[in-house]
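The values are calculated or read from the model by the stated rules, or taken from the named source; none is laboratory data. Note that the coordinates shown come from a computational prediction; the quantities given were computed from them, not determined experimentally. For neighbour counting, all protein chains shown are included, and Cβ atoms are generated from backbone atoms with ideal geometry for every residue, glycine included. Ligands, DNA and RNA are stripped out before the accessible areas are found, and what is left, the full protein with its side chains, is counted by its heavy atoms. Shrake-Rupley method; radii C 1.70, N 1.55, O 1.52, S 1.80 Å.
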Amino acid sequence: MKYRLLVFGNAPSWVDDGVSEYSKRIPNFSIERIAGKPIKTRMQRMYAACGNRASRVYLDKSGRSFTSESLAQQCTSWERAGQDVCLLIGDDVGFTEEDLANADLVWSLSPLTLPHQLTRIVVCEQLYRARTINLGHAYHRS
């Protein structure tokens, strides 16, 4: 089982540093950059990169909120299923209703609108936090 974070384009170095800090602590994790142009076909390219067999989890403020503990339970569920999980972060325009209809899960980090670059770091930190909860590690203090 793998976690794959699919994003459009490159990020500033501070984003890459934050993603790297947490992602190196998560086994079987990768970040995959999808070219942002041509704009007309980028969502199709993101879908294709995800593949047909992986669970598609879209990051959008309209989605389901998790506590750290409930995200840890969700991660356990994904791991038991043995299916890869593609976490899709849109661009500055976000996802359309049609895009969201193709999701297996829509995950909201917050009702706030977060910059898609910052979302990369928050997703990685939360996956790491969920892992530490499941391992009984002291990183998370409830």
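What to note about this one:
- Candidate set from region 73-95 (those that are more than 18 Å from A49 (Cβ to Cβ) and of a type in the set (V, I, T)); member that is surrounded by the fewest Cβ atoms within 10 Å (Cβ to Cβ): V93
- Qualifying residue in region 34-42 (condition: surrounded by 14 or more Cβ atoms within 10 Å (Cβ to Cβ) and either modelled with pLDDT of 90 or more or polar (S, T, N, Q) (or both)): no
- Verdict on D104 being among the charged types (D, E, K, R), open to solvent by less than 60 Å² (accessible area, probe 1.4 Å) and either under 30 Å from Y139 (Cβ atoms) or at pLDDT below 95 (or both): no
- Residues within region 36-65 that are part of a loop (DSSP other than H, G, I, E, B) and in contact with a Phe, Trp or Tyr (Cβ under 7 Å, 6 or more places away or on another chain), tallied: 1
- Residues (open to solvent by 70 Å² or more (accessible area, probe 1.4 Å) and within 18 Å of I34 (Cα to Cα)) located in region 8-23: N10, S13
- Pairing each residue of region 74-100 that is over 14 Å from R131 (Cβ atoms) with any residue that is surrounded by fewer than 17 Cβ atoms within 10 Å (Cβ to Cβ) and of a type in the set (A, V, I, L, M), provided the two are 6+ apart or on different chains, yields C-beta distances under 6 Å for G82/M1.
- The number of residues in region 43-65 that are farther than 20 Å from T113 by Cβ and open to solvent by 60 Å² or more (accessible area, probe 1.4 Å) comes to 5.
- Residue match in region 72-93 (condition: more than 14 Å from L6 (Cα to Cα), modelled with pLDDT under 90 and hydrophobic (A, V, I, L, M, F, W, C)): yes
- The criterion of being without any contact (Cβ under 8 Å) to a residue 60 or more places away in the chain, out of contact with any strand residue (DSSP E or B) (no Cβ under 8 Å at 6 or more places or on another chain) and of a type in the set (K, R) holds for R141.
- Number of positions in region 110-126 that are buried (at least 19 other Cβ atoms within 10 Å of the Cβ) and touching a helix residue (DSSP H, G or I) at 6+ places or on another chain (Cβ under 7 Å): 4
- Top-ranked residue of region 127-142 - restricted to ones that are more than 14 Å from the chain's Cα centre (by Cα) and of a type in the set (S, T, Y), ranked as surrounded by the most Cβ atoms within 10 Å (Cβ to Cβ): T132
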